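Peer 1: Structure below; questions to follow.
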Amino acid sequence: MDEIGFPQPQPKMLFADNNSMLTLAKNYSGNHKRIRHSVTKLNFLIQKVEDVIIDIVHLAGTEMPANVFTKHAVHNKHATHIP
């Protein structure tokens, strides 16, 4: 955002419901063989967390605001995510 003229005083919050991704982004030791296919993306994420550009926060899958656009929901759940 800084590059296009919108400086960010605080890190942007990235909501995630995947505990494995949260653990890897914050405590990755570099020896997980199962993720070798996505190490480049993971290294980018780790670097942004270390540089305090983003902050990854756990949010339950049922509470995700993006679900309004991606999942079918009954009216009362849909209304809770719309401002």
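We did not get these values from a lab; they are worked out from the coordinates using the rules stated. Quantities reported herein were computed from a predicted structural model and do not represent experimental measurements. Virtual Cβ from ideal backbone geometry, glycine too; neighbours counted across all protein chains shown.
Peer 1: Each label point is 7 Å from the Cα along the Cα-to-Cβ direction; what then is the distance between the points at Met64 and Asp17, in nm?
Peer 2: Label-label distance for Met64 and Asp17, simple model: 0.6 nm.
Peer 1: Hey, another quick one. Which length gain, in nm to one decimal place, applies between Arg36 and Asp55 when the Cα-Cα distance is subtracted from 0.36 nm times their residue separation?
Peer 2: Here the answer is 4.5 nm.
Peer 1: Ok, one more. Taking the Cβ of each residue in Ile56, Ile4, Ile35 as the centre, tally the other Cβ atoms inside 10 Å and list the residues starting with the fewest.
Peer 2: So the ranking, lowest neighbour count to highest, is Ile4, Ile35, Ile56.
Peer 1: Using a ≥ b ≥ c from the Cα gyration tensor of segment 15-62 (square roots of the eigenvalues), is it rounded, prolate or oblate, where a/c under 1.5 gives rounded and otherwise the larger of a/b and b/c decides, a/b for prolate?
Peer 2: In terms of gyration-tensor shape, oblate.
Peer 1: In what sequence do Phe44, Phe69 fall when counting other Cβ within 10 Å, fewest first?
Peer 2: So the ranking, lowest neighbour count to highest, is Phe69, Phe44.
Peer 1: Listing Val49, Val57 from the residue with the fewest other Cβ atoms within 10 Å to the one with the most, what is the order?
Peer 2: The fewest-first ordering by Cβ neighbours comes to Val57, Val49.
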